[in-house]
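See below for the structure under consideration.
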């Protein structure tokens with residue numbers, strides 16, 4: 001038996017309203033569920049910010065304090081990793097197949 005698509009959609013909408021069929025989760029619903037789960041377990045945005053601020057002030061290790069400050073700046077967009085210069089790449093090309101030349105090059 002074939003069901004008309006219009007009838008099938010109206011049938012599915014009635015089932016969704018009654019709660020027998022789950023509504024399709026959108027990406028916004030999924031993000032909301034994730035956010036709610038973290039907040040219920042004291043790991044929401046404000047909790048994380050509070051913990052980072054605590055580490056900035058009270059961590060015994062200076063490295064931890066600096067990493068917490070760096071994270072806080074990154075989250076706020078005030079610190080960009082691309083601004084930090086990285087070490088240059090050095091490429092050495094050896095032409096020829098003379099083994100003596102290669103050994104002389106590598107020996108101090």
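What follows draws every value from the coordinates through simple rules; no lab data is involved. Model, not experiment: these values are computed from the prediction. Here the Cβ positions follow ideal geometry from the backbone for every residue, glycine too, while neighbour counts run over all protein chains shown.
For (1) outside any helix (DSSP H, G or I); (2) in contact with a helix residue (DSSP H, G or I) (Cβ under 9 Å, 6 or more places away or on another chain), each residue gets a yes or a no:
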{"residue": "11", "(1), (2)": "no, no"}
{"residue": "15", "(1), (2)": "no, no"}
{"residue": "36", "(1), (2)": "no, no"}
{"residue": "42", "(1), (2)": "yes, no"}
{"residue": "46", "(1), (2)": "no, yes"}
{"residue": "49", "(1), (2)": "no, yes"}
{"residue": "64", "(1), (2)": "no, yes"}
{"residue": "69", "(1), (2)": "no, yes"}
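Pairing residues of region 29-45 that are at positive phi and in contact (Cβ under 8 Å) with a residue 24 or more places away in the chain with residues that are surrounded by 11 or more Cβ atoms within 10 Å (Cβ to Cβ) and not in a loop (DSSP other than H, G, I, E, B), at Cβ distances under 8 Å and at least 6 apart in sequence or on separate chains, gives no pairs at all.
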